[in-house]
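The values are calculated or read from the model by the stated rules, or taken from the named source; none is laboratory data. In this text, all values refer to a predicted model and were calculated from it rather than measured experimentally. Cβ coordinates were reconstructed from backbone atoms using ideal geometry, including for glycine residues, and neighbour counts include every protein chain displayed. With ligands, DNA and RNA removed, areas are computed over all heavy atoms of the protein, side chains included. Shrake-Rupley method; radii C 1.70, N 1.55, O 1.52, S 1.80 Å.
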Amino acid sequence: MATKSQAANNNKPVEIVDRVTIRFAGDSGDGIQISGNQFTMATAFAGNDLGTMPDYPAEIRAPAGSLPGVSNFQISFSERDIHTPGDAPDVLVAMNPAALKVNLRDLGAGGTIIVNSDSFATANLKKAGYEANPLEDGSLQAYRLIPIAITQLNAKALEESPLSKKERDRCKNFYALGVIYWLYDRPLQPTLDFIADKFAKSPDMVAANQTALKSGYNFADTTEIFTSHFRVRQAQLPPGEYRNITGTEALVLGLVAASQLAETPLFYGSYPITPASDMLHELAYLKNFGVKTFQAEDEIAAVCATIGASYAGSIGVTGTSGPGAALKSEAVGLAVMAELPLVVVNVQRAGPSTGMPTKTEQADLLQAAVGRNGECPVVVLAPATPADCFSMAIEACRLAVKYMTPVYLMTDGYLANGSEPWRLPDLTSLKKITVSHEADAKSFEPYQRDPKTLARPWVVPGAPGLEYRIGGLEKAEVTGDVSYDPVNHERMVLLRAEKIRRVAQDIPPTEIFGEASGQLLLVSWGSTFGAVHSAVERVRANGKKVSSVHLRHISPFPADLGQILKSFETVLVPELNLGQLRLLLRGEYGLPVVGLNKVQGRPFTIGEVQQKIEELI
Amino acid sequence: MTPTAPPAARPAPTRQDFVSDQEVRWCPGCGDYSILAQMQKIMPDLGIARENIVFVSGIGCSSRFPYYMNTYGFHTIHGRATAIATGIKCAHPELSVWVMTGDGDGLSIGGNHMLHILRRNVDVKIVLFNNRIYGLTKGQLSPTSELGKITKSTPVGSIEHPINPVSFAIAAEATFVARAIDSETAHMQEVLKRAAAHKGVAFVEILQNCNIFNDGAWDSLKDREVKSDRLVNLQNRKPLVFGKNRDKGIRLNGYKLEVASLGAGVSESDLLVYDETETDSSFAFLLSREGRPDFPVPIGVFRDVVAPTYDELMSRQIAQAQAKKGPGSLEDLIYSGMRWTVKANGTSV
């Protein structure tokens, strides 16, 4: 894989590699996430395709040096188009013994371990549960171990800084980052700019952190530890303007875009919950976009206030994670009955109950699809990648308004916090969202439906002559008056179901990766897109005929899905639950479907999916 | 649905304009009929166009109310009307938003939301029908049922201490708090008008009779013979005088209230002068706590103070952000942060 060449500006040879995966690990207070984000930015500037995945503890400040306090950030970058943050890391950067212990099992055979050897003192070793120093007892012989006295080297580099010893010591994550920048030939400038901006109020902090970064870089260049460094060539990405974006950021931008495309104000009601709170934080800054954010007293009030706002003519969005989605269920039923637009974003996390709040899972699909009292159909959508959250947020708002229905938008911790380069859209290409609150007072009936979509009119209080009453009691068809008529009830249940089925007319034809028929089809949804697509790419590169489709629309399914499934001998559904999409597909199409299921709070690796494919063909 | 002419051509509204075409389905003799009638009577006098009025309710007998008002109406889910009304008012501040609720809906399942709409001072008018029983579910105890109360779910007597709705609202620092009685129709109309005129959250408890499951719950306050001795009607900046012959009053003794007979050395100047605009809620709270058999039950306005409303502050923050930064540009927002360009030949800059 690696070829040697001579770098123009450095003293040591450069090896060209096609893909590298690095994991940064340390105490949650060590600035690991900042290091990871800076490395990501530098990598984006170097022109690679990339994927990232942060993994942080639920504890805000677990005791320093302890196993639960370890925070990780993984990045994979390549000269090719990639879809995941990588399986096993090639390089583990461990800032203390606990970080080494927690992450060692994920490191690939022969992987490189860079450690801050200064942190491997008795106290830290004990906190991590090491009886002997793993740097000295030979237990790491299977790896390429590179111990660097980062604390001491950093202290020496900053000898002349007027900062306190403690402040100087806190710069060491930039020292370590400098080492890795040299090793992977990353540009320093984006991070030097970031430091200048972040610490603008303190020139001493700017100087110290910039010095630490440059010193680490220069140390790696001159030390005899490293005989060569690595370069990943620029990826052939489609031309355009890019920025790196997380799923949360993209989703927030998508909601604001939808509000503008609909020329309708956005109301976001939410209650703090990991990992969904960042949407509330980000939207709260966007007041000049007319966005109203409401931090409610609980999850129920959050969705109810949102329904109120929607009834009053706003695009109502509520964001949460699994336990909060459970609390919102009854109110979503009200929005189904009252036929009001509503978007519920569920950033799924490992459950049940409180589960593992910072870990990812896809186990709320059935909750969204069917988890309410009564026959209570809704639209369920799921973005495939962090950047895809932008378009799917717009899609969720568009369908909610067009069909006057609640729409669940199912992301997860991995999509929300993971990032990838995003080719910025041409805003003029985004379709307007048609919103009308008009009705003719002479003929207006609250439940008079649009013949094509079956949506009722979105008449908003304030319109003279159209005063009407709605609620959660069953409605008489057309008039919307309360009705206990048995035949009417059945008719209304069927109408609500049919309305959701008709959303399928808005779903574009399903794209099949690979042949349109054959032995094996993989069906994925949500954040597993990257691992599944990459695994299929790999086996296809080996000459095997395997196809895949990725679903963004789960309720209703795309109209052409049944025919596609029937064209394959075996259908495999990999998902991070015990088989929820599988159950829905079996129910809808009556076909045997095989599952690949994982519930470890972590995404699939490409290897896991690939192995399952190879078992089946 | 009765279509109406455009606003310019509309004659002055009448009570009948606020009566919907729906058949009223409360039990005959229910106190709710009186509340509906008083509401329909005051509505034409509020000067608010019918289309700008929304009645929101949760679940319970009281919550059928919106169907009977020819305004906008939303009959929602149990306990959540206050939360839904918060969203309506914040999204559309021009609307006059009313929540119709009961002791179970508003203080049991919806107790949390009630606390928060009150403390936030959302400009919503809340009318709580207190009949001290669950009526729609046919007779279980409610959070206002008295200790020892025999109900279907407490066959040997309630072991719960009841909550006092007015004390709750004052403790939450609601900016308008009042109490009325279903049978005191003229007084109720005055209280509802005052609530409507208040800028900010208004909480009105109405002592209401459920003639099926808790008949006579408030009879001790309604008997013509004794009610003047059992009620004290709060009048702003007036001494607290009551009694058939207006011969009794309320004064402070230490930190407790006591009833004093006027005459024999006690004059009105010895009595407490009530001030509903006092921002310190301590005294209003003290008065609301009275439950002694020999002490009159206060009705009328306990509290009417001025404070910024939540919906107004929310809109103001948006206006300020727009004045400072200009209306948001999606293009600027998306094309922000650290960006790079991939050229057609594949190179990045």
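Structure notes:
- The residue of the range A:265-274 that is farthest from B:K89 (Cα to Cα), among those that are open to solvent by 10 Å² or more (accessible area, probe 1.4 Å) and in contact (Cβ under 8 Å) with a residue 40 or more places away in the chain, is A:T274.
- Extreme residue, farthest from B:K193 (Cα to Cα), among residues of the range B:91-111 that are out of contact with any Ser or Thr (no Cβ under 9 Å at 6 or more places or on another chain) and open to solvent by 40 Å² or more (accessible area, probe 1.4 Å): B:I109
- The set of residues in the range A:232-260 being in a strand (DSSP E or B) and buried (at least 18 other Cβ atoms within 10 Å of the Cβ) consists of A:V232, A:Y242, A:R243, A:N244, A:I245, A:T246.
- Extreme residue, nearest to the other protein chains (Cβ to nearest Cβ), among residues of the range A:204-231 that are open to solvent by 10 Å² or more (accessible area, probe 1.4 Å) and either among the aliphatic types (A, V, I, L, M) or farther than 30 Å from A:E159 by Cα (or both): A:R231
- Top-ranked residue in the range A:87-104 [being among the charged types (D, E, K, R) and more than 18 Å from A:W182 (Cα to Cα); ranked as least open to solvent (accessible area, probe 1.4 Å)]: A:D87
- Residues (modelled with pLDDT of 75 or more and facing chain A (nearest Cβ under 7 Å)) located in the range B:333-349: B:L333, B:I334, B:Y335, B:G337, B:M338, B:R339, B:W340, B:T341, B:V342, B:K343, B:A344
- Members of the range B:171-218 found to be open to solvent by 60 Å² or more (accessible area, probe 1.4 Å) and either touching an Asp or Glu at 6+ places or on another chain (Cβ under 7 Å) or in a helix (DSSP H, G or I) (or both), listed by number: B:A171, B:A186, B:E190, B:K193, B:R194, B:A197, B:K199
- Residues within the range A:421-448 that are more than 30 Å from A:A338 (Cβ to Cβ) and assigned to a loop (DSSP other than H, G, I, E, B), tallied: 3
- Residue, nearest to the other protein chains (Cβ to nearest Cβ), within the range B:298-332, restricted to residues that are closer than 30 Å to B:A196 by Cβ and of a type in the set (D, E): B:D311
- Qualifying positions in the range B:18-45 - open to solvent by 40 Å² or more (accessible area, probe 1.4 Å) and within 15 Å of B:T71 (Cβ to Cβ): B:V19, B:D21, B:Q22, B:K41, B:D45
- The listed residue being closer than 29 Å to A:C389 by Cβ, among the aliphatic types (A, V, I, L, M) and out of contact with any strand residue (DSSP E or B) (no Cβ under 6 Å at 6 or more places or on another chain), out of A:L158, A:L177: A:L177
- The requirement of being touching a residue at least 40 places away in the same chain (Cβ under 8 Å) and under 29 Å from A:L50 (Cα atoms) is fulfilled nowhere in the range A:495-503; no residue meets it.
- Number of positions in the range A:464-500 that are of a type in the set (A, V, I, L, M), more than 11 Å from chain B (Cβ to nearest Cβ) and either in a helix (DSSP H, G or I) or within 41 Å of the chain's Cα centre (by Cα) (or both): 7
- Residue check for B:S336: outside any helix (DSSP H, G or I), surrounded by fewer than 13 Cβ atoms within 10 Å (Cβ to Cβ) and among the small types (G, A, S): yes
- Test: residue in the range B:59-72 that is in a loop (DSSP other than H, G, I, E, B), at the interface with chain A (Cβ under 8 Å from one of its Cβ atoms) and in contact with a Ser or Thr (Cβ under 7 Å, 6 or more places away or on another chain): yes
- When the test is whether a residue is assigned to a loop (DSSP other than H, G, I, E, B), under 32 Å from the mean Cα position of the chain (by Cα), farther than 28 Å from A:R372 by Cβ and without any contact (Cβ under 8 Å) to a residue 40 or more places away in the chain, A:E537 does not pass it.
- Remark: A:E159 matches the filter, which requires a residue to be within 21 Å of A:F219 (Cα to Cα), without any contact (Cβ under 8 Å) to a residue 24 or more places away in the chain and assigned to a loop (DSSP other than H, G, I, E, B).
- Cβ-Cβ contacts under 8 Å between residues 6 or more apart (or on different chains), taken from a first residue in the range B:170-198 that is farther than 19 Å from B:P296 by Cα and in contact (Cβ under 8 Å) with a residue 12 or more places away in the chain to a second residue that is polar (S, T, N, Q) and in a strand (DSSP E or B), are listed as B:A196/B:S96.
- Some residue of the range A:42-54 being open to solvent by 10 Å² or more (accessible area, probe 1.4 Å), in contact with a helix residue (DSSP H, G or I) (Cβ under 9 Å, 6 or more places away or on another chain) and without any contact (Cβ under 8 Å) to a residue 24 or more places away in the chain: no
The rows are residues; the columns are (1) more than 8 Å from chain A (Cβ to nearest Cβ); (2) under 22 Å from A:E299 (Cα atoms); (3) over 17 Å from the mean Cα position of the chain (by Cα).
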| residue | (1), (2), (3) |
| --- | --- |
| B:F74 | no, yes, no |
| B:E94 | no, no, yes |
| B:T101 | yes, yes, no |
| B:G110 | yes, yes, no |
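- For the range A:286-321, a residue qualifies if it is hydroxyl-bearing (S, T, Y), open to solvent by less than 10 Å² (accessible area, probe 1.4 Å) and not in a loop (DSSP other than H, G, I, E, B), and the qualifying residues are A:T306, A:S310, A:Y311, A:T318, A:T320.
- Matching residues in the range B:285-306 - criterion: being more than 17 Å from B:L221 (Cα to Cα) and under 16 Å from the mean Cα position of the chain (by Cα): B:V301, B:F302, B:R303, B:D304, B:V305
- Pick from the range B:76-90, criterion aliphatic (A, V, I, L, M) and open to solvent by less than 10 Å² (accessible area, probe 1.4 Å), ranking: farthest from the other protein chains (Cβ to nearest Cβ): B:A81
- Qualifying position, being more than 14 Å from chain B (Cβ to nearest Cβ) and touching a strand residue (DSSP E or B) at 6+ places or on another chain (Cβ under 6 Å), among A:Q362, A:Q367: A:Q362
- Identity of the residue in the range B:302-349, charged (D, E, K, R) and in contact (Cβ under 8 Å) with a residue 24 or more places away in the chain, that ends up nearest to B:K89 (Cα to Cα): B:D311
- From A:P461, A:P451, A:P425, A:P509, residue being more than 9 Å from chain B (Cβ to nearest Cβ) and closer than 24 Å to A:T264 by Cβ: A:P451
- Restricted to the range A:335-420, the set of helices (runs of 4 or more DSSP H) holding at least 2 residues that are at negative phi and among the aromatic types (F, W, Y) comprises A:388-403.
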